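Structure record follows, encoded as structure tokens.
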Amino acid sequence: MESLIREREQPSCVNCGSTLRFRSIIRALSIGLYGKSLALPDFPKCKNKRGIGLSEWPGYLPLLEEKFDFLNTFYHQEPFLDITNPPDYMFGSADFLISSEVFEHIPPPVQRAFDGAYSLLKPGGLLILTVPFRTETEETDEHFPELYNWSINKENGRYILRNITADGREQVFTDLCFHGGSGLTLEMRVFSRLSLEHHLVVAGFKDISLCSDNDLEFGILWSGEWSVPIMARKPS
């Protein structure tokens, strides 16, 4: 699994420094919006299309902002957006939403994030989602299923999560996995493919598909269907 993660996350384009994941996100967006693979510089300029990103990669932000009315948001800094509780004024405002490596960090219950994504989209709107997920299991591996009143502190040189459950029990977790970067980067779970599809269906999404096709012209070569982008649509 570690070698597969490196394959997905290692910068592998000598020109832009993009990874397999980043290139696959743009290909999925192209297929979802235009029905064909286009390089991002070749996207038509559609300033009447509204896109929202959740802490997206800076490398492709300038082109997304050039091609669309695109807003990149953050949980921990401006412009703020908590995907589990979007403000009412943003409901139904986006033609597409890109969420890459965010939902695995959402404190439980994670269904709130899927519902929030659905609420942001216009009818017919497109979600491009990436999270680490497994294909060989049916259930999500939820690391802290009883998270309620919790904090993370550094003690004796390592990070400790202390939690008081809803019924008053104290829990202590020491084997924490952080994914790097700023904001809340603690891994809360590892999804399964089936559980992801279930969350999307419960939120109301249709036309759910794994974007696992290879496209060598655009530098996309997957080793199976693990952790590929997922495309889903809000019904028209």
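Amide H to amide H distances under 5 Å link ASN72 with GLY53, where only residues 5 or more positions off or on other chains count and H is placed in the peptide plane. In straight-distance terms, cross-link reach from LYS45 covers every one of the aspartates and glutamates whose alpha-carbon lies under 19 Å from its own, apart from those fewer than eight places away in the same chain; here that gives GLU65, GLU66, ASP69, ASP95. Rounded to the nearest 0.05, what FRET efficiency do GLU65 and GLU217 give with R0 = 22 Å and r taken as the Cβ-Cβ distance? Could you check? Using R0 = 22 Å, I get an efficiency of 0.35. Among the listed options (i) 11.9; (ii) 15.1; (iii) 14.0, the one matching mean projected area of the Cα convex hull in nm² as calculated from these coordinates is (iii). Taking a sphere under 11 Å around the Cβ of GLU217 and counting the other residues whose Cβ falls inside, with K and R at +1 and D and E at -1, yields a net charge of +1. For the pair ASN153 and HIS76 in one chain, pulling the backbone fully straight at 0.36 nm per residue adds 25.9 nm over the alpha carbon distance. Sorting the segments 156-163, 130-137 by their residues' average number of neighbouring beta-carbon atoms within 10 angstrom, most packed first, yields 130-137, 156-163. Summarising the amide proton neighbourhood of PHE133: residues at separation of 5 or more, or on other chains, whose placed amide H is nearer than 5 Å comprise SER227.
Our helix-only sum for the chain, with -39,500 (n - 2.57) per DSSP H run of n ≥ 4 divided by its residues, gives a mean residue ellipticity at 222 nm of -6500 deg cm²/dmol. With the convex hull of its Cα atoms as the shape, region 144-186 has an orientation-averaged projected area of 3.3 nm². What does the charge count near LEU71 come to, summing +1 for each Lys or Arg and -1 for each Asp or Glu among other residues with Cβ under 14 Å from its Cβ? Value of the local net charge: -2. Once the C-beta distance of TYR34 and THR185 is scaled by a Förster radius of 35 Å, the resulting FRET efficiency is 0.60 to the nearest 0.05.
Under the convention that each Lys and Arg Cβ holds +1 and each Asp and Glu Cβ holds -1, the size of the dipole of region 83-236 around its Cα centre is about 420 debye.
Every read-out reported here was derived from the displayed coordinates using simple, explicitly stated rules and does not represent laboratory data. Nothing here was measured: the structure is a model prediction, and the numbers come from that model. Every residue, glycine as well, gets a Cβ built from its backbone with ideal geometry; the counts of neighbours run over all protein chains shown.
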